[in-house]
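Okay, structure first, notes after.
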């Protein structure tokens, strides 16, 4: 049965990533519970650098063989900065 990583494993994993953008994306994914499509739909303008909050206002969805952007049923929810959760 799969087990969730504890804090020390997550910190180790995130610390091993050399690319800062990849580390930021994986940190948000691992610490906020955001869905994959919501995370991929984020734009830089959705992130308030002063507060560290991200606003989810669109998601990427599969459309047949391609992908598209959906704004349907996406509640605008703020995500806490990962640093405050670790």
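Where a number appears in this text, it was derived from the coordinates with a stated rule and is not lab data. Just so it is clear, the model here is predicted, and its values are computed rather than measured. We place every Cβ from the backbone using ideal geometry, glycine too, and count neighbours over all the protein chains shown.
Key figures
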| quantity | calculated |
| --- | --- |
| Likely footprinting exposure, 9, 44, fewest C-beta neighbours within 10 Å first | 44, 9 |
| Cβ-based exposure ranking for 19, 48, 38, in which fewest neighbours within 10 Å come first | 19, 48, 38 |
| Modelled FRET efficiency - R0 30 Å, residue 22 with residue 55, Cβ distances, 0.05 increments | 0.90 |
| Three-way shape label, region 1-63, alpha-carbon gyration tensor, a/c 1.5 | oblate |
